[in-house]
1. Once every DSSP H run of n ≥ 4 in chain A is given -39500 (n - 2.57) and the sum is divided by its residues, what mean residue ellipticity at 222 nm do you get, rounded to the nearest 500 deg cm²/dmol?
2. Using a 1.4 Å probe and ignoring any ligands, DNA or RNA, find the accessible area of B:K42 and quote it in Å² to the nearest 10.
3. How much accessible surface does A:E196 have with a 1.4 Å probe, in Å² rounded to 10?
4. Which number do you get for Rg(Cα) / (2.2 N^0.38 Å) in segment B:42-148?
5. Across segment A:208-219, in residue order, what do the Karplus-derived ³J(HN,Hα) couplings come to in whole Hz, using 6.51 cos²θ - 1.76 cosθ + 1.60 with θ = phi - 60° and x for Gly and Pro?
6. What figure, in Å² to the nearest 10, do you get for the accessible area of A:E301 with a 1.4 Å probe and non-protein molecules left out?
7. Among A:G341, A:V407, A:L391, whose Cα projects farthest towards the positive end of the dipole of segment A:341-432, with charges put on the beta-carbon of Lys, Arg (+1) and Asp, Glu (-1)?
8. How crowded by other chains is A:393-406, given as the mean number of beta carbons from other chains within 10 Å of each beta carbon?
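The values are calculated or read from the model by the stated rules, or taken from the named source; none is laboratory data. Computed from a prediction, not measured in an experiment: that's the story for all the values here. Glycine gets a Cβ as well: all are built from the backbone with ideal geometry, and neighbour counts include every protein chain shown. Each accessible area value is taken on the protein alone, full model and side chains, heavy atoms only, with ligands, DNA and RNA left out. Shrake-Rupley method; radii C 1.70, N 1.55, O 1.52, S 1.80 Å.
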Amino acid sequence: MESLLLGFSVALQPDVLWYAFLGCLVGTVVGVLPGIGPLSGISILLPATFGLDTTKSVVMLAGIYYGSQYGGSTTSILMRIPGEASSVMTCIDGYAMAQKGRAGAALCIAAVGSWIAGTFGVVMLTLIAPPLAEFALRFGPPEYAALLVLGLILLAYMSSTSLVRTLVMACVGLLLGTIGIDNMTGHFRYSFDIAELGDGIGIVPVAVGLFGLGEILSTPSATVVRDVIAPRLRELLPNREEWRQSAMPIARGSVLGFLIGLTPGSAHIISSFLSYAVERRLSKHPEEFGRGAVAGVAGPESANNAASTGAFVPMLALGLPTGPITAVLLAALMIHGVSPGPTLVNEHPDVFWGFVASMYVGNLMLLALNLPLVGIFVNVLRVPYTYLYPLVVMFCIIGVYEVSHSVVDVWIMLIMGVVGYGLRKFGLDPAPLVLGLVISPILEMSLRQSLIMSNGNWTIFFQRPIALTLLVAAAAMLGLAVLSVQRERKDWRRRLAEAEASDSA
Amino acid sequence: MIVRTDHVVGGIFVVFGFLILGLSGDLPVGTLSFPGAGLMPKLLAGLLVLFGLALALHARRSEPLANLSWQDLPHAVQVAAITALAVAFYQSLGFALSMGLLLFALTFAVERRHPVSAAAFSAAVVALTYLLFTVALKTPVEQGPFGF
């Protein structure tokens, strides 16, 4: 409690409040605009935070992340275009509600659900992260290596594409992470006499290229047609029946989203899909789903917000990113000289608790921003895409260049943009690649340190209880995945996709 | 035989894996008690080849290559080429000129907007961004031959 009060004393300082507000505002705009995800938004604005202290910069960047989850629902409900990948499920019933004249109610339910779920997530983060960090202090190299292996397997298991496709992308990311000088022996690896590659490939150029530029290359301007349903302010309040129908889906979405947020992968996306499936399964009127069911908006919107908060638990407590967005946030911390991980709570309590407290405040700000100002945010959508995407391309270039003033990084971003276009074309998910790139140095170091400390005895991973438990969990997960592939059993994702296809047909 | 997307994807990863193995020739694998710089890359390259083969062998589940739509390719090539030119001249021309030309080229040449509106848009955006970075954020951008 004392620590949380310290956090509030930091978060309620006027300048920290200002940057939290700025992050929430930019995040909402990023979420509203289709084609610019939170990852691009955070990466592009990363250099702008270099002049700030660590707390302000992380508070602002995190605000962009959870703000985008709020903003993503606006375009989903009003235009049937997901502003953010995690808002895909909201399109179905949100837009159907808008067509019935209940756009305002849908927006209000999405915003209130997001606020409740976001606040629930922060409460859980407050309770879970510090003891988890204390537990993680017992981790040595074998435990970290086992944890990262489990993370990769879990990522593959939870992925929306196939197990092999996810693992192959993670392998490419891990390989990219080996570029540069080997920290243990000093060997140059794949640097091709380019001095800048000696330090390895940065997360920002890869993330901005794959998710920012790659998205733009895949979206021809001619295909972007915008038809906005503008809600009136007085129509924003849902009626009593709509509130009643949304209560339990919000509660379930919050719990489900937070739990999924703890796991690696695109948790905020998966959680919204899973929440939609759960709500439809539990509904007494499943036939209403797709035709404007309130639960189809309340559940997924709550789940994606809780998941985005849940993702901060492993990031802050263990120093491990569960996805590309938390990876970039970790990079931001490291740029400011703060090592994320179990020692963060004790060594930088002002950063940790200030960040946690700012999320309570940020969620309130977002509620205040998203309801009354929805009309203004809708106007952002009226900016023609033909003018919008050149702007994004420019910010991709400046954003990447300003990180280390290296034009090589900008070339890497451009190459990754083209790669991202190719990956989308062939249905490959770029997220495991970014995650692989981030964890590659930690995984390699942990693996090699484990072997050195055991004098080459690889059974060290099975002699230590925590590492053994983690590896057994990884093996079980892999076994389950292989079994399901062998039996060609259809999982919930495919069933859901098929159900959606048959509904739309 | 119908060539499917996973045949192509799997093939690319197999080739990429072998390429990495070829490039890693001089990197020592080391021993188990002291693993070398080549252990991890070679292990990963091997896995890449394995997964690539698995993808290609189970390609019948993926869609035929001929079904892929490439309608967006010309737009993508234009945007990528203009961006590449802007990157190539970014340091020599500086932020204002290179980004102004990038914006103008994308809005006028690619999007066929009126040249006057494209020029006005480019100039306004560059000026505002320049002010945002240099004045508001105090983050200097790349200077060109004219000092901006």
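1. -23000 deg cm²/dmol
2. 50 Å²
3. Surface open to solvent at A:E196 totals about 90 Å².
4. For segment B:42-148, the normalised Cα radius of gyration is 1.65.
5. 5, x, 5, 9, x, 5, x, 5, 5, 4, 7, 10
6. 0 Å²
7. Positive-most Cα among the choices belongs to A:L391.
8. Numbers: counts 9, 13, 2, 1, 8, 9, 0, 1, 6, 7, 0, 0, 4, 0.
Averaged over the peptide's residues, the number is 4.
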